[in-house]
């Protein structure tokens, strides 16, 4: 059963439409499941790829993953941290997300540390 993604021009949302067969998807006009609108434009769907923990750790250990990292540029460090965080495949918590957002906005690590004095206290993601 194919699922296609569309942009609905009536409710201005991205929606998914399930068809019972590929033939049905080719012959029927899709309707928006939210507003029942018929003005839909087909979108390219996102693709997710499942990877083993070993594969993710191999990518983290690859020195080419640090290409383009400028340790003096907070934005560069923030982009690198976001990429490494997504490679881990685990939720690293709200504090991590806030630090990365601030770095990507150009805030210095020293300013972030001063603004978040309790950063790093308490149990980490693997501690009870």
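Every number in this text was worked out from the coordinates using simple rules, so none of it is lab data. Nothing here was measured: the structure is a model prediction, and the numbers come from that model. Virtual Cβ from ideal backbone geometry, glycine too; neighbours counted across all protein chains shown.
Checking residue 56 against (1) over 20 Å from the mean Cα position of the chain (by Cα); (2) assigned to a helix (DSSP H, G or I), only one condition comes out false. Which one?
All conditions are met except number (1).
Every residue in the range 12-32 that is surrounded by fewer than 15 Cβ atoms within 10 Å (Cβ to Cβ) and either in contact (Cβ under 8 Å) with a residue 12 or more places away in the chain or in a strand (DSSP E or B) (or both), please.
Those that are surrounded by fewer than 15 Cβ atoms within 10 Å (Cβ to Cβ) and either in contact (Cβ under 8 Å) with a residue 12 or more places away in the chain or in a strand (DSSP E or B) (or both): 13, 14, 16, 18, 20, 21, 22.
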